[in-house]
Amino acid sequence: MTIATDTRTASLAILSERISAGRIGWGAPLVMVAIRTLLFLAWQGGAAALFAMTGVPHPLAASAAWWPVTIVGANLMTLAVLLRLLHREGGRYREMIRIDRRTIGRDLLAVLGVTLFAGVAATMPGTLVSMALWGDPMTGSEMVFRPVPLWAAAFALVAFPVTIALSELPTYFGYAMPRLALLSGRWWLAILITAGGLAVQHCALPFLPDWRFLLWRGLMYLPFALLLAGVLAWRPRLLPYLMVIHGLLDFAAAWLFFSLSAAAP
């Protein structure tokens, strides 16, 4: 796989030196591929336990409605672990999200093109898979978005997109992917592992013990994840721009959640 060279080459050289020095092994990047899914499950489990203790009927289903709120805690914990790992390696978070002023024009054009494809990749598969599983394009979405108290929806409106932009793409594609590529010697394998991790995490956003829902959530963002992984393997300096785009896309989801909660009786 041929990948554009620039600051990327220098960055990979630094990572290679840290791997040779024993600062980076397989454990940390593999943990970071799985950590978000585990944290989503843990935070929803905590909410379900709280609902059970307070006598709320069907606590797991009740906790599932709160995923745009509980995800904030998982995002902050992911970011904390990521910062800790980078510090241990001798790296910095800002190294992953530094904007190269020499290539801003070209990078913005590339981001525009990626965004056009990403919009389709992020929406069309979910509709098609929902039709295949339920015969209706909206069944899955209706299971994902349910109203909560307006104060919680207002909190999620701000905190959800901001924290996910800071934590998600940097974890999978800024941190885990280049390390797995260097450790394995195979970029295609690193792309598949990290894109798969990003797709699978949605099975826990929220977690519902329904095989069709889990299959829908696992497949709906797989093309989107593969697209982002491939683009960021090719040109990692696009990461800060795609983080902003990602945050805006999730703001749209948070706004839907807020509007639904505001309209609830």
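The values are calculated or read from the model by the stated rules, or taken from the named source; none is laboratory data. Just so you know, these numbers come straight off a predicted model, no measurement behind them. Don't worry about glycine lacking a Cβ; one is built from the backbone with ideal geometry, like all the others, and counts go over all protein chains shown. Calculation scope for accessible area: heavy atoms of the full protein, side chains included, ligands and nucleic acids excluded. Shrake-Rupley method; radii C 1.70, N 1.55, O 1.52, S 1.80 Å.
Some observations on this one:
Let's see how each residue does on (1) open to solvent by less than 50 Å² (accessible area, probe 1.4 Å); (2) of a type in the set (S, T, N, Q); (3) more than 22 Å from TRP134 (Cα to Cα):
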| residue | (1), (2), (3) |
| --- | --- |
| PHE207 | no, no, no |
| LEU215 | no, no, no |
| ALA225 | yes, no, yes |
| ALA252 | no, no, yes |
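- VAL148 being more than 20 Å from GLY218 (Cα to Cα) and open to solvent by 60 Å² or more (accessible area, probe 1.4 Å): no
- Failed item, numbered, when ALA159 is tested on (1) more than 23 Å from GLY25 (Cβ to Cβ); (2) in contact with a Phe, Trp or Tyr (Cβ under 9 Å, 6 or more places away or on another chain); (3) hydrophobic (A, V, I, L, M, F, W, C): (2)
- Of the residues making up region 137-149, those that are touching a residue at least 40 places away in the same chain (Cβ under 8 Å), of a type outside the set (Val, Ile, Thr) and not in a loop (DSSP other than H, G, I, E, B) are GLY140, MET143.
- Some residue of region 63-80 being more than 21 Å from LEU260 (Cα to Cα), open to solvent by 70 Å² or more (accessible area, probe 1.4 Å) and without any contact (Cβ under 8 Å) to a residue 12 or more places away in the chain: no
Each row is one residue, and each column tells you yes or no for (1) in contact with a Phe, Trp or Tyr (Cβ under 9 Å, 6 or more places away or on another chain); (2) outside any helix (DSSP H, G or I).
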{"residue": "THR9", "(1), (2)": "no, no"}
{"residue": "ALA13", "(1), (2)": "no, no"}
{"residue": "ILE19", "(1), (2)": "no, no"}
{"residue": "ARG23", "(1), (2)": "no, yes"}
{"residue": "PRO29", "(1), (2)": "yes, no"}
{"residue": "ALA34", "(1), (2)": "no, no"}
{"residue": "THR37", "(1), (2)": "no, no"}
{"residue": "LEU41", "(1), (2)": "yes, no"}
{"residue": "ALA47", "(1), (2)": "yes, no"}
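- Those residues of region 89-105 which are closer than 23 Å to TRP26 by Cα and open to solvent by 90 Å² or more (accessible area, probe 1.4 Å), in sequence order: ARG92, ARG94
- Contact map, region 110-136: first residue free of Cβ contacts under 8 Å to residues at least 12 places away in the same chain, second residue surrounded by 14 or more Cβ atoms within 10 Å (Cβ to Cβ), Cβ cut-off under 7 Å, separation 6 or more or different chains; pairs are ASP136/SER130.
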